[in-house]
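What follows is a set of notes on a single structure, which appears directly below.
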Amino acid sequence: MALRAIPGCLLAIFVAQAELAAQSLQSSATQTASPTAEEETIIPTFETQKLARTYVLDVPAPRGQITDRHGAPLAQNKLNYNLAINFPTPLDFSDAQALGFVREQIDKAEKLIGRPIKISDETILRHYRNRGILPFEIAQNLTQSEYDEVNEHLPAAMVVRPIYVRVYPNGKLAGQIIGYTGKTGRNLDGIIDNHETLWPETEGREGLEQAFNEMLLGKHGEYKLTFDKDGRKTSEKLITPPVPGYNVVTTLDLRLQELAEKALEAKAKRGAIVIVDPNTGDILAMASWPTYDPNSFVPSISAEKFKALQDDPDIPLLPRAFRSSYPPGSTFKIAVGIAALETGAVGPEDRYECLPAIEIGNLTFHNWKKGDRGALNFVQALTESCDTWFYQVGIKTGAEPIIDWAIKLGFGAKCGIPLRGEAEGRVPNDEYMKATHSRRLLNGDIANLSIGQGDTQVTPLQMAQAMAIVANGGTFYQARLVQQVQTLDDEIVTAYQVRAKRTLDLSPGTLDELRTGMIDAVNGAGGTGHAASLDNVEVAGKTGTAQWGPKNKERTAAWFGGFLPANQPQYAFAALYEGDVGSKVHGGSASAPMIAQVFKDLYSGQRSTGRRRATEQMQEGNIPRALPVEEDESD
């Protein structure tokens, strides 16, 4: 795939912001005589501050942008303005004079901007004694109306200082992926050091802002102030403009991300939706709900607001899509089916009874349906998601092939996205069982494993990745969240190529069986995922429902994973609905409708891709026809 830079015209506003900041900073300086050749830089201390001839201070650079795959901004900058007081030099005010001077200016400023300004005497004197040669900020983040009023009637002793402020133009959208920034260290109020920054910098604290912080930072500019031997300012000027940081271009599609978050907001109290391109591994949407607005952290978040986010029982700071793992329920039957068919433990037409319950050891294992469904082949069992069929087939196949194929599909390992805290998930093996339960995997454990229950844990991102492998015929692509990092001049600094990690040797027969079963699960009689069926595109999918959490506080994880269009997949997906304690939700009734909502709008107006037969498989071998599953009924 050929790499291309996001066109510079989409980033032109970013360049303009950097230039405007430099111009504003320069225009705030009062130019007088240039320093003489005999002047030299002196590292200032409290005692030498009045004698210092030259200071060189750093001007923070604007952070680079973060964009979606088409160049739409996800994180960018804007110029904010702070109102500050310039003290006359040399600095020979007494404490009383310094306080009187500042209070007079504050009185003028309050009348200009129409809001009270509260600053303690201690803060004023500390700045005057330690940093009096620099402007003393008295009002931050002026509104547009305040800025207009101040700019038009600016008193002689005041200056408007431009600063860069991070802004997230889409609010909550993709907030947990983008992350947020915070100030580095405390506000400066001590003795001035050469090459300290003119205002506090920001650094990435979460998400892509944190992961790509070094590339987003840019390079400092330099601002020089000179003084004569009496401590009188003689000049101040920008000698080196700051260089903006690099831009990070993600694989996200802003429209799909928005559709995914809207579906979650409408239909889930907590959950996640991940959509990937099965032909490249690109993550097109990775939505978690609830989420937060990273603008809440600009320019900083109060301790009270941050505590409220931390204490929220729905945990909006948790990106469930990649940092939480859940038992996969019957979606895991995809891995079990592959293992059974590829090892020859089961043939496509081999039939096993779909009973209401079976005995394994001294325990009874139930099907989610109470009736006897008769003898089913693989496609029929996958369509109806018959638990007792998979108990029998799982035990016959054995734990080792199931675990092996689950790992080949990417379960039990991080997907390798560049975000902190990705969950690894878990595929339990003998070693794990011995360490955790002091025994190896028994037939009862294999039965649980075969329907995605027990100790198996999967993230929504891993589930979407596995569905992508099935969708494209067996190629395991490296999950990709960032396409490239580029300069403002459209030069690609770092590129993250599409990369196939490995190819699974899935036989055409196994793939055909899987796809047929997944198509019928959505579109066929007795299918558990019919709530995801669309009028003009054929969806292939698999539902899943599993209990998780401590006893007496168990919750339900309701899943729907799959791909579409079924005959030529462009999207692979996983939807996860996290139920409340004691709630009865199912993959077919809770998660499948979320996927339907996402893609209904995306495919609206397109011609139908045609339907596969709905009941052909169910009519073979005198199997009784099933009635369509109700929306509140699933596996």
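The values are calculated or read from the model by the stated rules, or taken from the named source; none is laboratory data. None of these values were measured; they are calculated from a predicted model. Heads up, the Cβs are rebuilt from the backbone with ideal geometry, glycines too, and the neighbour counts pull from every protein chain shown.
Among the residues of segment 389-432, write down those that are basic (Lys, Arg) and either farther than 23 Å from residue 346 by Cα or free of Cβ contacts under 8 Å to residues at least 24 places away in the same chain (or both). Full working, then the answer.
First, pick out the residues of segment 389-432 that are basic (Lys, Arg): 396, 408, 414, 420, 426.
414, 420, 426, listed by residue number.
Tallying residues that are part of a loop (DSSP other than H, G, I, E, B) and either crowded, with 20+ Cβ neighbours inside 10 Å or outside the structural domain of residue 281 (by TED's automatic domain parsing) (or both) within segment 406-416 yields 5.
One residue stands out in segment 129-156 among those that are charged (D, E, K, R) and in contact with a helix residue (DSSP H, G or I) (Cβ under 7 Å, 6 or more places away or on another chain): the one that is nearest to residue 77 (Cα to Cα), namely 146.
All told, residue 549 falls short of being in contact with a Phe, Trp or Tyr (Cβ under 8 Å, 6 or more places away or on another chain), assigned by TED's automatic domain parsing to the domain that holds residue 315 and of a type outside the set (A, V, I, L, M, F, W, C). Annotation: of all residues in segment 357-375 being of a type in the set (Val, Ile, Thr) and in contact (Cβ under 8 Å) with a residue 24 or more places away in the chain, the one that is farthest from residue 527 (Cα to Cα) is 360.
Across segment 42-96, the number of residues qualifying as part of a loop (DSSP other than H, G, I, E, B) and either modelled with pLDDT of 90 or more or among the polar types (S, T, N, Q) (or both) comes to 22. Consider segment 420-441 and keep the residues that are in contact with a strand residue (DSSP E or B) (Cβ under 9 Å, 6 or more places away or on another chain) and aliphatic (A, V, I, L, M). The one that is farthest from residue 175 (Cα to Cα) is 427. Would you check if residue 347 is free of Cβ contacts under 8 Å to residues at least 12 places away in the same chain and under 29 Å from residue 510 (Cβ atoms)? Criteria met by residue 347. If you go through segment 309-361 and keep only what is among the charged types (D, E, K, R) and either over 30 Å from residue 292 (Cβ atoms) or out of contact with any Gly (no Cβ under 8 Å at 6 or more places or on another chain) (or both), you end up with 311, 312, 314, 333, 342, 349, 350, 351, 353, 359. Among all residues of segment 527-550, there is at least one that is surrounded by fewer than 23 Cβ atoms within 10 Å (Cβ to Cβ), within 27 Å of the chain's Cα centre (by Cα) and in a loop (DSSP other than H, G, I, E, B).
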